[in-house]
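Contents: one structure, followed by commentary.
A short reminder: the numbers here are calculations on the coordinates, not readings from a lab. Note that this is a predicted model, so its numbers are computed, not measured. Every residue, glycine among them, receives a Cβ derived from its backbone with ideal geometry; neighbour counts consider all protein chains shown.
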Amino acid sequence: MRNTRALAAAGAAVAVLGLAAPTATAGGDHNQPSNIVALPSVIARGGQMTVTVDGCPQGGTMTSDAFRTTHLTPVRGANETSRGTATIREDARPGSYDITVNCSGRRLTRPAAFTVIGGVRGGVGGSSSSGATPTDIAIGGGLVAAAAAGGGLFWLRRRAERRI
């Protein structure tokens with residue numbers, strides 16, 4: 001259910017950014033970064049995210065506290081746009097992160113550009129220990145003994161009632 005919510009939030013963010021992108025670049029200086037789009041906008045630790053920057057025709061770099069400095073490369077066929085792929089660090093804390101872009105000596109920061117969510121440990125089942133502990137065995141053994149004693153008493157009482 002959480003994945004569905006995260007995907008719905010990411011889809012809504014993409015729709016809003018898609019509508020806002022043409023207005024963000026209209027009439028601006030074409031050699032200055034003007035729009036930063038991070039997809040997906042909600043990502044788990046260790047995941048890969050694609051960042052697209054408008055107004056960055058020669059490429060550049062992007063940085064964030066959640067990933068290492070990554071290069072942006074120009075996109076062929078797209079006017080003044082560069083793109084890069086970043087891998088979110090495994091030790092990144094859940095929360096919102098900014099992205100700072102440096103293109104041709106000009107910087108642009110987009111606050112709260114994406115959100116990191118805690119990753120899941122698949123296959124472990126949420127358990128940090130393996131097997132039953134001595135306490136678990138003692139409790140289980142006590143329950144089995146109590147059930148056997150109660151069943152025996154019940155059987156003996158029913159047997160005695162039939163003789164009368």
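Some observations on this one:
- Sorted peptide list for 111-118, 150-157, criterion being average Cβ within 10 angstrom, highest first: 111-118, 150-157
- Take the Cα of residue 132, step 7 Å toward its Cβ, do the same at residue 148, and the gap between the two points is 1.3 nm.
- Loop-located trypsin sites (Lys or Arg not before Pro) across segment 42-104 with a Cβ neighbour count of 14 or fewer within 10 Å are 76, with loop assigned by DSSP.
- For residue 34, the residues whose modelled amide H falls within less than 5 Å of its own, excluding neighbours fewer than 5 places apart on the same chain, are 54, 55.
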